[in-house]
Amino acid sequence: MLNNEFSVLWCKMERQEESFNLMNQIKKFFDKIGKKPEEGDILLLSGKYVAMSEGRKYPLSKVNPMKDAIRLAAQNSSNPKLAEAVVRESEMVYRAFSGIFMAENNGLLQPNAGIDKSNVQEGSIVLYPEDPNASALSVRLNVLTNFGVNTGVIITDSRIYPV
């Protein structure tokens, strides 16, 4: 029978502008709150934070839009550089509404292929983690190795997935 009691531990970590070691940050999190993960805990990690750790921040100035992206951007009142980034990150792109594309990325339907430009330097974008399942598995195995407990790991994003 499941125990219906649970607690939520939340801690805001310092913003990172360049790639970083995600496991070191997870260790800092647990040090900061003065606890260790327990067997069966579920760790929720921001998709943007995971992507930043993987070096998935990219300057839009380095994106050269191709003809298809320019056409797609014109049809959708969007930035051609953003349209090109969405095309590069997607298996399929659909026009949605002005400035937003719905795109299949990693088998998920996401706005702008999960690309985010909020809370990063002006002119930069953060791409979604390249392989969120592999990222989650890596964190899970690192927690098992470093703390000796089995946990679940969910890569989440408040814009894309309900938490």
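The values are calculated or read from the model by the stated rules, or taken from the named source; none is laboratory data. Just so it is clear, the model here is predicted, and its values are computed rather than measured. Note that we place each Cβ from the backbone using ideal geometry, even for glycine, and neighbour counts take in every protein chain shown. Quick note on the areas: whole protein, heavy atoms, side chains included, nothing else; ligands and nucleic acids left out. Shrake-Rupley method; radii C 1.70, N 1.55, O 1.52, S 1.80 Å.
What the table shows:
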{"quantity": "Condition check for residue 120: assigned to a loop (DSSP other than H, G, I, E, B) and in contact with a strand residue (DSSP E or B) (Cβ under 7 Å, 6 or more places away or on another chain)", "calculated": "yes"}
{"quantity": "Any hit, the stretch 61-82, residues being closer than 20 Å to residue 20 by Cβ, touching a residue at least 60 places away in the same chain (Cβ under 8 Å) and either out of contact with any Phe, Trp or Tyr (no Cβ under 6 Å at 6 or more places or on another chain) or not acidic (Asp, Glu) (or both)", "calculated": "no"}
{"quantity": "Residue that is modelled with the lowest pLDDT, among those in the stretch 116-163 that are open to solvent by less than 70 Å² (accessible area, probe 1.4 Å) and among the hydroxyl-bearing types (Ser, Thr, Tyr)", "calculated": "161"}
{"quantity": "Qualifying residues in the stretch 106-115 (those that are touching a helix residue (DSSP H, G or I) at 6+ places or on another chain (Cβ under 9 Å) and surrounded by fewer than 22 Cβ atoms within 10 Å (Cβ to Cβ)) - the one farthest from residue 51 (Cα to Cα)", "calculated": "108"}
{"quantity": "Every residue from the stretch 34-49 that is in contact with a strand residue (DSSP E or B) (Cβ under 6 Å, 6 or more places away or on another chain) and small (Gly, Ala, Ser)", "calculated": "47"}
{"quantity": "All positions within the stretch 63-76 that are exposed (fewer than 13 other Cβ atoms within 10 Å of the Cβ) and under 18 Å from residue 123 (Cα atoms)", "calculated": "64"}
{"quantity": "Out of 89, 54, sole residue that is more than 25 Å from residue 25 (Cα to Cα), surrounded by 15 or more Cβ atoms within 10 Å (Cβ to Cβ) and charged (D, E, K, R)", "calculated": "89"}
